[in-house]
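Below: one structure, written as structure tokens.
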């Protein structure tokens with residue numbers, strides 16, 4: 001019996017020994033994937049070893065609820081940050097993302113309230129639902145030209161955003177995408193925009209003026225509700241406007 005136990009432990013050793021490396025990397029269809037970060041470092045630098053530099057994907061929940069990390073330097077060549085990868089990392093302040101990142105998954109940085117992100121990668125194509133939900137210090141100002149999709153609630157309550165320029169040609173701004181971004185003062189909408197969905201910019205209380213593109217066809221339910229400083233709206237077309245779209249905009 002003792003011999004059997006010893007043999008079993010010996011067979012388990014290779015898996016146990018990987019823990020000393022602070023991480024687990026596995027192959028995936030999209031390239032090497034960081035499956036899980038095990039270490040307790042406050043600074044995670046993917047340039048510190050060839051294995052980490054080779055990572056193309058940050059896996060689902062790889063850093064989820066990791067309260068040790070404060071700064072993460074991601075490697076050049078990384079293309080995907082999967083859903084919940086950095087979800088609820090309470091002390092995360094800095095993430096340096098390379099321009100190669102094309103996809104940020106659902107809830108990838110959800111509730112990272114100390115995260116001070118000022119710019120998105122230039123090659124970014126897709127931003128998932130809830131990606132930066134309640135990241136109160138995120139302060140992006142530009143949606144890159146490459147972006148094709150922004151999921152619902154992606155930037156809800158990102159209070160650091162003050163101006164917002166869409167360089168892309170997206171057709172729809174989804175439900176609650178920028179709801180509660182209370183410090184937005186100015187928005188430059190993209191040409192080709194056709195629809196602003198329900199609650200998209202509700203409770204943006206410092207927004208003072210809007211100018212919509214001629215392509216706009218629809219403004220949804222409570223899209224700009226409770227934008228209490230909004231005093232001027234310029235239309236270049238005659239879109240369908242929900243009766244509640246500008247509820248409680250007292251200066252209109």
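We did not get these values from a lab; they are worked out from the coordinates using the rules stated. This structure is a prediction, so every number in the text was calculated from the model and none was measured. Ideal geometry is used to build each Cβ from the backbone, glycine not excepted, and the neighbour counts take in all protein chains shown.
Worth a mention:
- Shape of segment 48-87, Cα gyration tensor, a/c cut at 1.5: oblate
- Spacing of the two label points (7 Å from each Cα toward its C-beta) at residue 149 and residue 22, in nm: 3.4
- For segment 162-251, the ratio of Cα radius of gyration to the globular rule of thumb 2.2 N^0.38 Å stands at 0.94.
- Relative contact order (%) - criterion: Cα under 8 Å, at least six apart; region: segment 162-251: 25
- Distant alpha-carbon pairs in segment 99-214 (separation over 22 angstrom), percent: 21
- GNM flexibility winner over the chain from 128, 151, 31 (Cα, springs under 10 Å): 31
- Cβ-derived FRET efficiency at R0 51 Å, residue 49 paired with residue 238, nearest 0.05: 0.30
- Pairs of alpha carbons in segment 22-131 whose separation is greater than 17 Å (percent): 47
- Peptides ranked, highest mean first, by Cβ atoms within 10 Å: ranges 236-246, 164-174: 164-174, 236-246
- Length added when fully stretched, residue 250-residue 123, from 0.36 nm per residue minus Cα-Cα: 41.8 nm
- The angle between the Cα long axis of helix 2-17 and the longest principal axis of the Cα atoms of the chain comes to about 40 degrees, rounded to the nearest 10.
- Among 41, 76, 21, residue whose mean-square fluctuation peaks in a GNM of the chain (springs only between Cα atoms under 10 Å): 21
- Rounded FRET efficiency, nearest 0.05, which uses the C-beta distance separating residue 188 from residue 56 and R0 of 41 Å: 0.80
- Per-residue ellipticity at 222 nm computed for the chain from its helices equals -2500 deg cm²/dmol, with DSSP H segments shorter than 4 residues left out and the rest contributing -39,500 (n - 2.57).
- Spatial separation of Cα centroids for segment 25-68 and segment 174-252, in angstrom: 39
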